[in-house]
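Asker: First, the structure itself, so that you have it in front of you.
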Amino acid sequence: MTWEIVIGLEVHAQLSTSSKIFCGASTAFGAEPNTQADAVSLALPGVLPVLNKGAVERAIKFGLATGAHIAPRSVFARKNYFYPDLPKGYQISQFDLPVVGNGQITIQVGDKEKVVRITRAHLEEDAGKSLHEDFHGMTGIDLNRAGTPLLEIVSEPDMRSAAEAVAYAKTLHTLVRWIGICDGNMQEGSFRCDANVSVRRPGAPLGTRREIKNLNSFRFLEQAIDYEVHWQIDTLENGGTIQQATVLFDPDKGETRMMRTKEEAHDYRYFPDPDLLPLNISEEWKEQVRATLPELPQAKQARYVANYALSPSDAGALTASREMADFFEGSVKSLLSQGIGTLTSSAIPSAEAYAAQVCNWVTGEVSAQLNREGLDIAQCPIKPEQLGDILKRITDGTISNSGAKEVFRTMWAEGGDADAIIEAKDLKQNSDAGAIEALVDEIIAANAEKVAEYRSGKDKLFGFFVGLAMKASKGKANPAQLNDILKRKLNG
Amino acid sequence: MFNSTLRQLGAALRAKEISSVELTQLYLNRIARLNPALNAYITLDAEKSLAQARAADERLADGDASDLTGIPIAQKDIFCAKGWLTTCGSKMLHNFVSPYDAHVIARFNDAGAVNLGKTNMDEFAMGSSNETSHYGAVKNPWDTARVPGGSSGGTAAAVAARLCAAATGTDTGGSIRQPAALCGISGLKPTYGVVSRYGMIAFASSLDQAGPMGRSAEDLALLLNTMAGFDERDSTSLQRDKEDYARDLNKPLNGLRIGLPQEFFAAGLGSDVAQAVEAAIAEYKKLGAVIVDISLPNSRLSVPVYYVLAPAEASSNLSRFDGVRYGYRAPDYTDLTDMYEKSRAQGFGAEVKRRIMIGTYVLSHGYYDAYYLQAQKIRRLIAQDFTEAFRQCDVIMGPTAPSTAFKLGEKGDDPVQMYLSDIYTIAVNLAGLPGMSIPCGFGANNMPVGLQIIGNYFGEARMLNAAHQYQLATDWHSRAPQGL
């Protein structure tokens, strides 16, 4: 008998405002402890919260990007519990009336698409940090992070495998960066996942869930869910039962371990925060924010497939981030605007042809080099227009594909202009049909024996003749032309 | 000089009949003489006060003076004042020197007023007798065996005993009006949102409101002009055009419709208080006012509603006092939980703990709907009663408190009896309305009686007009306690 895995995710996305959600202190990462803790962050007696409009706008953006309901009126509530890095003794969050409700996103797992429903997304403040090392048995408190704005995004339990959960988390990660509401930096904790995991027999009611807290990489998310699923199935198959609980994932051991059971859960005593008015979002405000939304990844993918005839998987790769899509579109646009004809025809190649060429380079050479150097596309030393400059010299026959790669490598390392590199490195290929014919004639004359073998059916020798011809041309013969001429003469 | 109005003091300062330093020193001397018997102040800092007085004298010399420049004002110890010990009447903040100014303090500083000292109060403003202060009870200047009321009891006693020209208070359920009544002075709680709560240590955020306390309605108008105004640091502060609260003081009261709620004159009201209040109403009739009988049927529920909502908010507001970052921390503890428990057990007094426990209980899972949510619903009904009443009248009048000042220790063992001393004032906070108390005579034991005036939303100027006209016709407000 099989088991069905049921997963829902809660993601905390840190919103990219420069100041905190309820005060003017900076949210910059990495400052000396407590240098970004003002009177409000410290919860001094008498201070009051004032809502940061930028955080609300980012929540609205997210709601609009996921086709969600933006609540015209939502309410901030206090979640009460004691912890040293929670300076007020309560966290300001949203409880029964969140700002965003009922959205959805589409994820791609293999070649299958799936819609994951988003239950809600609400605004809240982050806590500070407790530092247990370096204080000789005592605990240090850093309140720089206290009050940093978070959007907690809660999905329905719609995922059925760790792979789906990871695909959802990655899609969400791309989306929040795409619409510019979160920098997505997982190492700095800007994007953290909690996974609610349960198993059941197909068709049975939902099983009891355990919540895995604070997963800060996609790899840990996958490992933790896999471990948890196996543990739950083993437990059930051995006649045990699952207790609702919160667990932590230990990446060193690859195990989850119990943090607290439902009985030990806090009673947070939520109630509406009397220091803050209900958050009212007018249609007008919503529309103003909508006007700032960029074209979303899915719309872009559809457009690439429809207008450029790219495959869905290429379109997906090119929209892995907004910077990637901008790079791709920048190169295509630069090629199109220059209107370069090909060697054999003055007709300008179609947008499809350019797009296919740029796509090959962006997903091939450019991505490979970025990976090698651990850079992301925004840090690419070659700008989209510069790539266009290289590609147009392939199109017009000035350089070969391998010549282009050399230009690319040089430009990457040293910068510079494509044409100047071609000149300096003497990479111009020989596209003079007469000269290539003469060269081919000489080779055929000097290798009569091999020619005979070839003509008697030894096709593999073709490469041998290409090699000789290239060598004779000092590598500069236009390869496509050379092939054509060789083939014609050898077969002639 | 100690009986001068704020306008008279301002004129004397501008005319250089007296300097602010001289005036401040006079008050400091009087405080040194009389405060030990009254315990009205928690913190005095002559050096700081005199430095402000010197700065005020420079402003006066430059001709750059406002109505309050150079005038010594006492501040309730609930307001954070930069460089001043700010205790809120609690051991929990026995060592807390505020690094910033509350909005109210900043407004007085900008006006050039002199901060004369921080006045005593019930711990975290929880109390109606000033007996819950960690710094000792305040004595009523009219009879030092009696309480001054609370929680702004230190302020009320200081004003009554002429230990300051005027002062500030805060009112969550009657904490300005009730002590004003018990000490024979005038006090005003503005409409919720008129005075910023920034820097005022929170008790129950949806009810707390700061206001002026002084010897006359005219003085209150001047003080409120300084205190009121929008502050972007308080999200519940109201964005309204600036108004002059003194603008209507001299309007005649012809045709003023005074609503008398039948519920405020029922069982539980002391007959001596009733007599004084009825005499005041008779005086208003002479001044041309018309009496309208009204009813506030849900007001009988205001005490129980208040003792659900105020403790609920307080239980959360007081969570920040955990001994981690500032304030009192127990000297010995074994671990984090122990540190929390001991610091809070030792730092808070009994009444504060009682309210934290009540508040925690009513917000708990399973009890929230029955208590907190139900109380919020009734709160709306109480507010609707007032809205209904104000269709028939311009102001509402009645007693401020059911009795005159009671004896120290008299109600200490019975919190419900203590809570009932705010029975006429609490509904006003629940509705967010403005209310004030002015002296209107004396009760059986020669203790002052307060007349409560309740206005419609933003009706401060009209209330002050009604109070001022009464004070022109009577002299209860200018009586001073004898034998100090």
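The values are calculated or read from the model by the stated rules, or taken from the named source; none is laboratory data. These numbers were taken from a predicted model, which means no experiment stands behind them. Every residue, glycine among them, receives a Cβ derived from its backbone with ideal geometry; neighbour counts consider all protein chains shown.
Asker: Which of (1) within 26 Å of B:Trp142 (Cα to Cα); (2) buried (at least 24 other Cβ atoms within 10 Å of the Cβ) is the odd one out, the single condition B:Met200 does not satisfy?
Answerer: Evaluating B:Met200 over (1) within 26 Å of B:Trp142 (Cα to Cα); (2) buried (at least 24 other Cβ atoms within 10 Å of the Cβ) leaves (1) as the failure.
Asker: Take the residues of region A:359-408 that are among the hydrophobic types (A, V, I, L, M, F, W, C) and outside any helix (DSSP H, G or I): which is modelled with the lowest pLDDT? Break it down stepwise before answering.
Answerer: Start the filter on region A:359-408 by keeping residues that are among the hydrophobic types (A, V, I, L, M, F, W, C), which leaves A:359, A:361-362, A:366, A:368, A:370, A:375, A:377-378, A:380, A:382, A:387, A:390-391, A:394, A:399, A:404, A:407-408.
Applying the additional criterion that residues be outside any helix (DSSP H, G or I) yields A:375, A:380, A:382, A:399.
Numbers: A:Leu375: 92, A:Cys380: 94, A:Ile382: 95, A:Ile399: 88.
The residue in question is A:Ile399.
Asker: A:Ile436 passes all but one of (1) more than 18 Å from A:Gly330 (Cα to Cα); (2) of a type outside the set (Gly, Ala, Ser); (3) out of contact with any strand residue (DSSP E or B) (no Cβ under 8 Å at 6 or more places or on another chain); which number fails?
Answerer: Evaluating A:Ile436 over (1) more than 18 Å from A:Gly330 (Cα to Cα); (2) of a type outside the set (Gly, Ala, Ser); (3) out of contact with any strand residue (DSSP E or B) (no Cβ under 8 Å at 6 or more places or on another chain) leaves (3) as the failure.
Asker: From (1) of a type in the set (Phe, Trp, Tyr); (2) surrounded by 19 or more Cβ atoms within 10 Å (Cβ to Cβ); (3) within 11 Å of chain A (Cβ to nearest Cβ), pick out the condition that doesn't hold for B:Tyr367.
Answerer: Going through (1) of a type in the set (Phe, Trp, Tyr); (2) surrounded by 19 or more Cβ atoms within 10 Å (Cβ to Cβ); (3) within 11 Å of chain A (Cβ to nearest Cβ) one by one, B:Tyr367 breaks only (2).
Asker: Does A:Leu318 satisfy being among the aliphatic types (A, V, I, L, M) and in contact with a helix residue (DSSP H, G or I) (Cβ under 8 Å, 6 or more places away or on another chain)?
Answerer: yes
Asker: From A:Ala43, A:Ala39, which residue is within 14 Å of chain B (Cβ to nearest Cβ), more than 30 Å from A:Ala265 (Cβ to Cβ), in a loop (DSSP other than H, G, I, E, B) and not charged (D, E, K, R)?
Answerer: Values: A:Ala43 fails: more than 30 Å from A:Ala265 (Cβ to Cβ).
One residue alone meets the criteria, A:Ala39.
Asker: Restricting to helices (runs of 4 or more DSSP H) lying wholly in region A:436-492: which have 3 or more residues that are more than 29 Å from A:Glu406 (Cβ to Cβ) and either in the same structural domain as A:Asp396 (by TED's automatic domain parsing) or of a type in the set (A, V, I, L, M) (or both)?
Answerer: A:448-455
Asker: A further question follows. Does B:Leu256 qualify as being surrounded by fewer than 22 Cβ atoms within 10 Å (Cβ to Cβ), in contact (Cβ under 8 Å) with a residue 24 or more places away in the chain and within 21 Å of the chain's Cα centre (by Cα)?
Answerer: For B:Leu256, the condition - surrounded by fewer than 22 Cβ atoms within 10 Å (Cβ to Cβ), in contact (Cβ under 8 Å) with a residue 24 or more places away in the chain and within 21 Å of the chain's Cα centre (by Cα) - is not met.
Asker: Among the numbered criteria (1) farther than 23 Å from B:Ala461 by Cβ; (2) at pLDDT below 95, which one does B:Lys242 miss?
Answerer: Going through the list (1) farther than 23 Å from B:Ala461 by Cβ; (2) at pLDDT below 95, B:Lys242 breaks only (1).
Asker: Determine which member of the set A:Ile153, A:Ile107, A:Ile118 is modelled with pLDDT under 95, surrounded by 18 or more Cβ atoms within 10 Å (Cβ to Cβ), aliphatic (A, V, I, L, M) and under 23 Å from the mean Cα position of the chain (by Cα).
Answerer: Step by step, each of A:Ile153, A:Ile107, A:Ile118 is checked, and only A:Ile107 is modelled with pLDDT under 95, surrounded by 18 or more Cβ atoms within 10 Å (Cβ to Cβ), aliphatic (A, V, I, L, M) and under 23 Å from the mean Cα position of the chain (by Cα).
Asker: From the residues in region B:230-259 that are among the small types (Gly, Ala, Ser) and within 30 Å of A:Ala25 (Cα to Cα), which one is farthest from the other protein chains (Cβ to nearest Cβ)?
Answerer: Kept after step one, since they are among the small types (Gly, Ala, Ser), are these residues of region B:230-259: B:235, B:237, B:246, B:255, B:259.
Within this subset, residues satisfying the condition of being within 30 Å of A:Ala25 (Cα to Cα) are B:235, B:237.
Numbers: B:Ser235: 5, B:Ser237: 9 Å.
Only one residue fits best here, namely B:Ser237.
Asker: Check whether at least one residue in region B:92-102 is out of contact with any Lys or Arg (no Cβ under 7 Å at 6 or more places or on another chain) and part of a helix (DSSP H, G or I), and report yes or no.
Answerer: Within region B:92-102 (the criterion being out of contact with any Lys or Arg (no Cβ under 7 Å at 6 or more places or on another chain) and part of a helix (DSSP H, G or I)), the answer is yes, since at least one residue qualifies.
Asker: Something else: Going through region A:51-101 one residue at a time, which ones are in a strand (DSSP E or B), hydrophobic (A, V, I, L, M, F, W, C) and within 11 Å of chain B (Cβ to nearest Cβ)?
Answerer: A:Phe76, A:Ala77, A:Ile92
Asker: Within region A:5-29, work out how many residues are free of Cβ contacts under 8 Å to residues at least 40 places away in the same chain, more than 14 Å from chain B (Cβ to nearest Cβ) and assigned to a loop (DSSP other than H, G, I, E, B).
Answerer: 2
Asker: Is it true that B:Arg300 is under 24 Å from B:Arg354 (Cα atoms), among the basic types (Lys, Arg) and within 11 Å of chain A (Cβ to nearest Cβ)?
Answerer: Against the criterion (under 24 Å from B:Arg354 (Cα atoms), among the basic types (Lys, Arg) and within 11 Å of chain A (Cβ to nearest Cβ)), B:Arg300 does not qualify.
Asker: Report, by residue number, each residue of region A:258-279 that is more than 17 Å from A:Ile92 (Cα to Cα) and touching a strand residue (DSSP E or B) at 6+ places or on another chain (Cβ under 6 Å).
Answerer: Answer for region A:258-279, where residues must be more than 17 Å from A:Ile92 (Cα to Cα) and touching a strand residue (DSSP E or B) at 6+ places or on another chain (Cβ under 6 Å): A:Met258, A:Met259, A:Arg260, A:Thr261.
Asker: Take the conditions closer than 26 Å to A:Val100 by Cα and either assigned to a helix (DSSP H, G or I) or assigned by TED's automatic domain parsing to the domain that holds A:Gly63 (or both) and apply them to A:Glu188. Does it pass?
Answerer: yes
Asker: Determine whether region A:415-437 contains at least one residue that is β-branched (Val, Ile, Thr) and surrounded by fewer than 20 Cβ atoms within 10 Å (Cβ to Cβ).
Answerer: No: region A:415-437 contains no residue that is β-branched (Val, Ile, Thr) and surrounded by fewer than 20 Cβ atoms within 10 Å (Cβ to Cβ).
Asker: Let me ask something else about it. Just to be sure before I move on: is A:Leu276 closer than 22 Å to B:Tyr368 by Cβ, buried (at least 19 other Cβ atoms within 10 Å of the Cβ) and of a type outside the set (Val, Ile, Thr) in the structure I sent?
Answerer: Working: closer than 22 Å to B:Tyr368 by Cβ: yes; buried (at least 19 other Cβ atoms within 10 Å of the Cβ): yes; of a type outside the set (Val, Ile, Thr): yes.
The answer is yes for A:Leu276.
Asker: If you scan region A:268-293, which residues turn out to be within 14 Å of chain B (Cβ to nearest Cβ) and either free of Cβ contacts under 8 Å to residues at least 60 places away in the same chain or not in a loop (DSSP other than H, G, I, E, B) (or both)?
Answerer: A:Phe271, A:Pro272, A:Pro274, A:Leu277, A:Leu279, A:Asn280
Asker: Could you check, for region A:334-355, whether at least one of its residues is in contact with a Gly (Cβ under 6 Å, 6 or more places away or on another chain), away from every other protein chain (no Cβ under 14 Å), more than 30 Å from B:Leu363 (Cβ to Cβ) and of a type in the set (Ser, Thr, Tyr)?
Answerer: yes
Asker: When you scan region B:312-353, how many residues do you find that are of a type outside the set (S, T, N, Q), within 12 Å of chain A (Cβ to nearest Cβ) and part of a helix (DSSP H, G or I)?
Answerer: 10
Asker: Within region B:11-30, work out how many residues are among the β-branched types (Val, Ile, Thr) and buried (at least 17 other Cβ atoms within 10 Å of the Cβ).
Answerer: 2
Asker: Let me ask something else. Filter region A:244-284 down to residues that are under 30 Å from B:Ser206 (Cα atoms) and among the small types (Gly, Ala, Ser), then give me how many there are. Talk me through it step by step, then tell me what you get.
Answerer: So in region A:244-284, the residues under 30 Å from B:Ser206 (Cα atoms) come out as A:265-284.
In the following step, the residues that additionally are among the small types (Gly, Ala, Ser) were identified as A:265, A:282.
Count: 2.
Asker: Does A:Ile212 satisfy the condition of being without any contact (Cβ under 8 Å) to a residue 60 or more places away in the chain, in a strand (DSSP E or B) and buried (at least 16 other Cβ atoms within 10 Å of the Cβ)? Step through it out loud before you land on a result.
Answerer: Values: without any contact (Cβ under 8 Å) to a residue 60 or more places away in the chain: yes; in a strand (DSSP E or B): yes; buried (at least 16 other Cβ atoms within 10 Å of the Cβ): yes.
Taking the combined requirement at face value, the residue satisfies it.
Asker: I would also like to ask the following. Name the residue that is nearest to the other protein chains (Cβ to nearest Cβ), counting only residues in region B:51-88 that are crowded, with 24+ Cβ neighbours inside 10 Å and at positive phi.
Answerer: B:Cys88
Asker: Looking only at region A:131-141, decide whether some residue is among the hydroxyl-bearing types (Ser, Thr, Tyr), in the same structural domain as A:Ala265 (by TED's automatic domain parsing) and closer than 30 Å to A:Ile225 by Cα.
Answerer: No, there is no match, as no residue in region A:131-141 is among the hydroxyl-bearing types (Ser, Thr, Tyr), in the same structural domain as A:Ala265 (by TED's automatic domain parsing) and closer than 30 Å to A:Ile225 by Cα.
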